[in-house]
Amino acid sequence: MIKINNLAKNYGLNPVLRDVNLQVEQGEFVTLVGPNGAGKSTLMRIVATLIKQTSGNVTIGGWPLPQRADKVRRHIGLVSHQSMLYGDLTAAENLSFFARLYRLDDAAARVQQALKTVGLLARQRDPVSTFSRGMVQRLTIARATLHGPDVLLLDEPYTGLDQDAAQLLDDLLLRERGNGRTIFMITHDLVHGLDICDRVVILNRGKIMADIDSKQTTPTEFLDLYAAHTGRKKHE
């Protein structure tokens, strides 16, 4: 579903990504980890069609980027550091707006189901400006999954979530994977990222250092690998 070959991204003379090669199969859940400045968000933004690579090839569902970004955008859902929500609109109005953008036929039913899934049905008529950080993040997830995308892209989706909301997100992601969705996620929570996914990819200084089968690696082994490939402890 996601295929990246010899990818490079430079900002001026500064190389941020160097010779990145990665494949994510349909229905697979891959977690991307690495220290701050490793290039994780830059890689995610390229896959999400927000920026262009300097060189190399990227395809999503067989469509090349950036040439067919218009096709790709219909099939991805993005949760990033920006919620893309409007504070003066209610939760339901925000989702209804995005439903119109995606031209969803059953928009009203989808909005209600999305709000129920993320536990915000009771707050659907409240302006988003009154929401806590965790509630905004939950609504962002509802917005990203509203149109049933084939690929979910998540950049630190657990930021600001309390324990109950984090468990709700876990359940949602596992359900989406069970439905055949492809999931590509960035997280700083190394052990949780290992536990929930199929594979973990370690990125450091713009290069992929390891691609690990999560079912064949214990948390202790993984943390040791992470430290060896990044020169940093798990909390850095």
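The values are calculated or read from the model by the stated rules, or taken from the named source; none is laboratory data. Just so you know, these numbers come straight off a predicted model, no measurement behind them. As a convention, Cβ positions derive from the backbone with ideal geometry for all residues, glycine included, and neighbour counts pool all protein chains shown.
Annotations for the structure displayed:
- Contacts under 8 angstrom Cβ, first residue in the stretch 201-228 being closer than 20 Å to G37 by Cα and crowded, with 17+ Cβ neighbours inside 10 Å, partner at pLDDT 95 or above and of a type in the set (F, W, Y), 6 or more apart: I202/Y226
- Selection of the stretch 120-134 for residues being in contact (Cβ under 8 Å) with a residue 24 or more places away in the chain, within 14 Å of A92 (Cβ to Cβ) and surrounded by 14 or more Cβ atoms within 10 Å (Cβ to Cβ) yields L120, R123, Q124, D126, P127, V128, F131.
- In the stretch 95-126, residue modelled with the lowest pLDDT [restricted to those that are under 21 Å from D162 (Cβ atoms) and outside any loop (DSSP other than H, G, I, E, B)]: T117
- Residues of the stretch 24-36 that turn out to be over 14 Å from L203 (Cα atoms) and either free of Cβ contacts under 8 Å to residues at least 12 places away in the same chain or not aliphatic (A, V, I, L, M) (or both), as a count: 5
- Filter pass, R73 being under 23 Å from R177 (Cα atoms) and either without any contact (Cβ under 8 Å) to a residue 40 or more places away in the chain or in contact with an Asp or Glu (Cβ under 6 Å, 6 or more places away or on another chain) (or both): yes
- L194 within 13 Å of the chain's Cα centre (by Cα) and either more than 26 Å from K71 (Cβ to Cβ) or touching a residue at least 24 places away in the same chain (Cβ under 8 Å) (or both): no
- Filtered by the rule that a residue be surrounded by fewer than 18 Cβ atoms within 10 Å (Cβ to Cβ), assigned to a helix (DSSP H, G or I) and modelled with pLDDT of 90 or more, the stretch 175-199 gives V191, H192, D195.
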